[in-house]
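First comes the structure, then the notes that go with it.
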Amino acid sequence: MTTTGDERKRQIAVGAGILLGIAVVVCGSLIGWRYLPGLLGEWLGTMIGLMTTPFLLEASFAVLGLSLVIFINHWRQRRTGDELMYLEQVDDPDGLPEHASWAVFREPPLDGETPSLQAQAEGALAIGDFAAAAECLAAMSEQELKRPEILVLRRDLARATGRTELAAELECQIHAAVQK
């Protein structure tokens, strides 16, 4: 995944803001804890003393950093959703380029369904596969071939393949079927 320049600048600004915020809180606590009244000032002074002792300073920053990373990751996941993707891959990619043999989906793909012969013929005609369109039409029953929408499809196939006499005959059949 590539990021644009504006998106990268925003990421850097957020990271710098987090670091600046931590620096202000830590420096403010180190400098200002003496001015806090009563129990709060005493407690903050004790915590700062514990946090700044050797080994505890590093451990406290590690815990703070880990907590921050977990919080940001949780916030990002709730905003963008689950990272789980479903991968569908073509088993026999006859002639497909490498990048076109797979697809990634956020949700599981729907079960495939075989389109009707009419839809297959229309699709084949639309992409210029006249042989496949003719095969789909040949597989239809005699009743289906007489329907007006199939007659229009047959006429368009006849025109696309240069059979003008058949196209004219089918045009007459279309007008007769529409007038019924």
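Taken together, the values in this text are just the output of simple stated rules run on the coordinates, not laboratory data. A quick note: this is a predicted structure, and the numbers were derived from the prediction, not measured. When we count neighbours, we look across all protein chains shown, and the Cβ atoms used for this are built from the backbone with ideal geometry, even at glycine.
What are the residues whose amide H is under 5 Å from the amide H of THR161, where those residues sit 5 or more places off or on another chain and H is modelled from the backbone?
none
Return the FRET efficiency for the residue pair PHE61, VAL14: r is the Cβ-Cβ distance, R0 is 25 Å, and the value is rounded to the nearest 0.05.
Once the sixth-power term is evaluated, E becomes 0.85.
Ratio of alpha-carbon Rg to the 2.2 N^0.38 Å globular estimate for the stretch 128-169, to two decimals, please. Walk me through the numbers on the way to the answer.
Values: Rg = 9.9 Å, N = 42, 2.2 N^0.38 = 9.1 Å.
Output field value: 1.08.
Take the alpha-carbon centre of the stretch 132-180, take the same for the stretch 3-36, and report the distance between them in whole Å.
So the two Cα centres are separated by 72 Å.
Please label the shape of the stretch 5-80 as rounded, prolate or oblate, based on the square roots a ≥ b ≥ c of the eigenvalues of the alpha-carbon gyration tensor (a/c under 1.5 means rounded; beyond that, a/b larger than b/c means prolate, else oblate).
Prolate, because a/c is 1.5 or more and a/b exceeds b/c.
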